[in-house]
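The values are calculated or read from the model by the stated rules, or taken from the named source; none is laboratory data. These numbers come from a predicted model, not from an experiment. Here Cβ is always computed from backbone atoms with ideal geometry, including for glycine, and neighbour counts include all displayed protein chains.
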Amino acid sequence: MGYSRGLVPGVCLPMALARQGYSTQASLGIPDLIGVFTSGDEPTLQLVEGLIYPAVILVFGLLVPLTHTLFPNAPRKTVLLNDLKFLRQALVTLWLEICANSILLLHHAMATEEQAKIKLHWLNGSRAQAILWLLEELSVPYELEIYHRQKTMLAPPELEKIHPLGKSPLVTVTPAGPPGGAEPFVLAESGFIIQYLCDHYGQGRDLVPRRWKEGQEGRVGGETEEWMRYQYILYYSEGSLMPYLWLTLIISALKGPAVPFFVRPITGMAANKIISMVVLPNIKRHYALLEQMLATAPGGGGGGGKFICGEHLTAADIVLSYPLLAGKGRVQELGAWDKGTPQATYPRLFEYVARLEAETGWKKSADKIREIEGDFSVTPKASL
């Protein structure tokens, strides 16, 4: 959404506060306001810039009578006075126009952003947990509807009523508008859900890296490394990494109690062969890639960053969290590792996984499920 430059403080301040997670009805102190003005949010910076307009108007308003006081014998219609009055009138006119535009922008922002209803259709042991984490990071109101896997480990048929594929995560968004007048729409696929929500609710946060290098806006190759990594991970996590986790879960089931005991030795041998030939080599390749990306992440002073795009948590880390956390306890049993264990073979990666698990937003999302379900597991469990 675009914002007029020099927004009026009285109109724009509620928008800035809302983006920073404050209620416009809350009682705010000076430290809270300082936090809003120093957030780095572009519309908020424009708000600060907008404070200059009334200040300039005030100065010019004082210069006119001050000139009369200092030069009482000068003609009243000197060039200086005429210039000052003209500039003051022009600034007042400009400011009034900005007022009108800002009020319209505020109304539009409140209608399209703050009043939209978001519902996450959460399935146990699914990537919906990453979307729940994202919603916690964005601090936007949302509803949570819980679904449970069937004994077959498949999603329940109720999800097909939301989206034809019947998968999770799904997010239903009902735009603001008169009751019954706004048609809800459905977001599917983790990468698309994350991108859409960040586009609308991520302003003023570090969840999406800055796109353009200074002075290279709109140019091919002008994107920052952080932004390029962010975009890549949104597609990579779902398209390349995640399939091998699901393959691990499915093939491992061939060695479990779901298979009759008299054929389990045969299915177990077949599963082990597939894991050793296909699954493990590819997981090692992916882990090596992520280890290298962490070692070269921007902002680490040559020693790598704390997160996949640099020093700050981004939505790229959130989309990576599910496959990495779900696979953390399973990869050890897949076969032999170069240094004995996956943790020793890829130390940066497993430090990163521990860092994700220790994030406040992840903990809050897990605790929310524990409050509702009484238990929480990253990996799928069938309903009894």
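Between THR296, THR267, the distinction of being surrounded by 13 or more Cβ atoms within 10 Å (Cβ to Cβ) and closer than 21 Å to LEU356 by Cα belongs to THR296 only. Is it the case that GLY302 is small (Gly, Ala, Ser), on the phi > 0 side of the Ramachandran plot, modelled with pLDDT under 95 and not in a helix (DSSP H, G or I)? The answer is yes for GLY302. Counting only strands (runs of 3 or more DSSP E) wholly contained in the stretch 135-240, the ones carrying 1 or more residues that are touching a helix residue (DSSP H, G or I) at 6+ places or on another chain (Cβ under 6 Å) and free of Cβ contacts under 8 Å to residues at least 24 places away in the same chain occupy 185-188.
Count of the stretch 304-349 residues, restricted to those that are of a type in the set (Asp, Glu) and under 19 Å from VAL378 (Cβ atoms), is 2. Being among the hydrophobic types (A, V, I, L, M, F, W, C), modelled with pLDDT under 95, outside the structural domain of SER321 (by TED's automatic domain parsing) and on the phi < 0 side of the Ramachandran plot is true of ALA182. Summed over the stretch 245-264, the residues that are touching a residue at least 12 places away in the same chain (Cβ under 8 Å) and either surrounded by 18 or more Cβ atoms within 10 Å (Cβ to Cβ) or in a loop (DSSP other than H, G, I, E, B) (or both) give a count of 5. Can you work out which of the residues in the stretch 338-369 that are among the basic types (Lys, Arg) and under 23 Å from the mean Cα position of the chain (by Cα) is farthest from LEU324 (Cα to Cα)? Filtering the stretch 338-369 for residues that are among the basic types (Lys, Arg) and under 23 Å from the mean Cα position of the chain (by Cα), the one farthest from LEU324 (Cα to Cα) comes out as LYS368. When ALA271 is tested against (1) among the hydrophobic types (A, V, I, L, M, F, W, C); (2) within 20 Å of PRO209 (Cα to Cα); (3) out of contact with any Asp or Glu (no Cβ under 7 Å at 6 or more places or on another chain), just one condition goes unmet, and that condition is (2). For the stretch 163-199, taking the residues that are surrounded by fewer than 20 Cβ atoms within 10 Å (Cβ to Cβ) and of a type in the set (A, V, I, L, M, F, W, C), the one that is nearest to the chain's Cα centre (by Cα) is identified as PHE192.
Table: residues versus (1) assigned by TED's automatic domain parsing to the domain that holds SER321; (2) at pLDDT below 95.
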{"position": "LEU197", "(1), (2)": "no, no"}
{"position": "LEU207", "(1), (2)": "no, no"}
{"position": "GLN216", "(1), (2)": "no, no"}
{"position": "ARG219", "(1), (2)": "no, no"}
{"position": "TYR232", "(1), (2)": "yes, no"}
{"position": "VAL263", "(1), (2)": "yes, yes"}
